[in-house]
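Report on one structure; see the data block that follows.
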Amino acid sequence: MTAIPMGTSIVKKQIVAVSGLALVGFILAHLAGNFNIFLGPEWLNGYAKHLEELGPVLWLMRIGLLAAAIVHITFTVLVTIENRRSRGVAYAVAGSRGGTTFAKKTMILSGLMVLSFLFLHLSDFTFADKHGSASIVAGANGGESLGLYGIVWNAFLNPLRVVVYIFAVCCLGLHLSHAIQSCTQSLGLSDEPVLQRVTFASRVIGALAALSYASIPVYVIVRHFTVGIGV
Amino acid sequence: MSATIDLTLKVWRQQDRSDAGHFETIEAKDISVDASFLEMLDLVNERLTLDGREPIAFDHDCREGICGMCGAMVNGQAHGPESKTTLCQLHMRHFSDGDTVVIEPWRSRAFPVLKDLVVDRSAFDRIIAAGGYVSVRTGQAPEAHSIPVPKNKADLAFDAAQCIGCGACVAACPNASAMLFVAAKVSHLSLLPQGQAERRRRARAMVAQMDREGFGNCSNHYECEAACPKGISVAHIARLNREHLFASVMEKVTG
């Protein structure tokens, strides 16, 4: 009656789970790649160059990720609309017995925040001109381009960018803190003891992902005010 | 003589399905702390009747927490503030003198309000009719020990079988989803040897009926488990997800 004909409610959540897992895989791989920044410009630029040299394979991965993201977002939005309808009349007093959490209640919001940030992030870094003016750091490398490293360095010396970036990775961490255990549950992989452990692991991974991503702008700022860029 | 308390009730009053409904404030004075919540409502209703007013309609039957008939949202909590307690087993000693108690019916599009706190839960009956049973030839009861059941499975099945179908899971779920109810029924039967023959058909048919009734989708908030008067674990929902996935894949493979 109110259901949008996209498979049963369980199939829908399992589609959300599988597409979400693909995105979690990307988030972790992307983080591992980003850690090259701590090793210096050669490492980060080398990593970026290596990725670009993958050519069609890189594009295949990007298309795969895009497809996973589109599926994930379409289904979560549909499911959220259905869920809003299914209550009917709202409660005058809304209570909780501690089953739900802030992260769970804000999944759609944190997800949409990460999505909006993604457009900014892609234009700032992924599709930025790696040798353009944004890649030149004042007083470093004899005024020559520092590639992606230079772009990242310049971006994170802008306080507004840093605030937006850290806010976005916090949303991401919050999203992950529920997402991973939710996937396990939706795919039916958990029993009671497993669920407890996975819930804990999910929160740890969420917190670590947010902290790790946030460490990048913090590193740039700290280095800028201490030893400097060093090239 | 036991202690008494005075309460202010804000009760949902609704004449019938088509009425928009409203909250009515009713003073409930001199309520014994030894009374159950339903006995408190009985007393209030007696007084309302004597005053020539319409008593509050609410569902109830066994009043010992095993039939699943009673239930209402009390200050935003399904079956009231005590955990693993049905409304009939909730006692007034858990309230304080002067408290305001807001009483609302279960809210779900699949549970239309019939009158005041009484909702139509026949959606649950239709889900059961879709597959929540085992088909057996009637006749002499077979010897119980002729079908061996492993101890761990019997325990899990029994946990699931405790579901009394009260609807608190739907009422407490932020999405008004009936997943814990359906999971308890599917889990109960799929764990036992008697449930194997119809196992795949059951998971698909009950979930399809649940969707048709207009319940929300589960998004793993786990408010249901916290609200369930029988403490049924969301691990049964994981089992239902697994059962449904397997049944759907097998349906595609074997047709």
Inset, instruction - Calculate the dipole size of the protein assembly as shown relative to its Cα centre from +1 charges on Lys and Arg beta carbons and -1 charges on Asp and Glu beta carbons; express the result in debye to the nearest 20. - result: 1440
Inset, instruction - For the protein assembly as shown, give the share of DSSP beta bridges that are antiparallel, in percent and rounded to the nearest 5; count only bridges with both residues there. - result: 75
Inset, instruction - Sort A:167-174, A:148-155, B:79-86 for me by packing, meaning the mean count of neighbouring Cβ atoms within 10 Å per residue, highest on top. - result: A:148-155, A:167-174, B:79-86
Legend entry - Signed unit charges on C-beta, dipole axis of region B:4-114, positive-most listed residue B:PRO112, B:VAL44, B:GLY98: B:PRO112
Inset, instruction - Once you have a ≥ b ≥ c as the square roots of the Cα gyration tensor eigenvalues for region B:83-199, tell me rounded if a/c is under 1.5, and otherwise prolate or oblate according to whether a/b is larger than b/c. - result: prolate
Legend entry - Listed residues B:PRO55, B:GLN15, A:GLY20: farthest to the positive end of the dipole of the protein assembly as shown (Cβ charges): A:GLY20
Legend entry - Theoretical ellipticity at 222 nm over the protein assembly as shown - DSSP helices of four or more residues, -39500 (n - 2.57) apiece, nearest 500: -17000 deg cm²/dmol
Inset, instruction - Would you grab the residues whose amide H sits under 5 Å from the one on B:CYS62? Only those 5+ places off in sequence or on another chain, please, with H modelled 1.01 Å from N. - result: B:CYS67, B:MET69
Inset, instruction - Take peptide A:78-87, look around each residue's Cβ out to 10 angstrom, count Cβ atoms belonging to other protein chains, and average those counts. - result: 6
Inset, instruction - Report, in debye and to the nearest 20, how large the dipole of region B:87-243 comes out about its Cα centre when Lys and Arg carry +1 and Asp and Glu carry -1 on their Cβ. - result: 740
Legend entry - Set of lysines with alpha-carbon distance to B:LYS29 below 19 Å, sequence-local pairs under 8 removed: B:LYS10
Inset, instruction - Quick one: plug the Kirkwood hydrodynamic radius of region B:4-114 (C-alpha pairs) into Stokes-Einstein at 4 °C, 1.567 mPa s, and report D in µm²/s. - result: 90
Legend entry - Among A:69-77, B:46-54, A:138-146, B:139-147, the order from most to least packed when residues are scored by Cβ within 10 Å on average: A:69-77, A:138-146, B:46-54, B:139-147
Inset, instruction - Let me know the Rg and Dmax you get for region A:63-170 when you use only its Cα atoms, in Å. - result: 20.4, 67
Inset, instruction - Note down the relative contact order for region B:4-114 as a percent, whole number, built from C-alpha pairs under 8 angstrom at least six residues apart. - result: 34
Legend entry - Estimated dipole of region B:4-114 in Debye, rounded to 20 [Cβ of Lys and Arg +1, of Asp and Glu -1, Cα centre]: 440
Legend entry - Most positive-pole-ward Cα, A:HIS131, A:MET113, A:ALA92, against dipole of region A:79-133 from beta carbon charges: A:ALA92
Legend entry - Span-rule helices in chain A, defined as complete DSSP H runs reaching 30 Å or more along the axis (Cα) with Kyte mean at least -0.5: A:9-34, A:56-86, A:159-186, A:192-225
Legend entry - Rg(Cα)/(2.2 N^0.38 Å) for the protein assembly as shown, N = residue count: 1.22
Legend entry - Using alpha-carbon coordinates, inclination of helix B:151-161 to the longest axis of chain B, degrees: 40
Legend entry - Nonlocal amide H pairs with B:ALA28, under 5 Å, H built at 1.01 Å: B:LEU7, B:THR8, B:LEU9
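No value in this document is a laboratory result; all are computed from the given coordinates. Note that the coordinates shown come from a computational prediction; the quantities given were computed from them, not determined experimentally. Don't worry about glycine lacking a Cβ; one is built from the backbone with ideal geometry, like all the others, and counts go over all protein chains shown.
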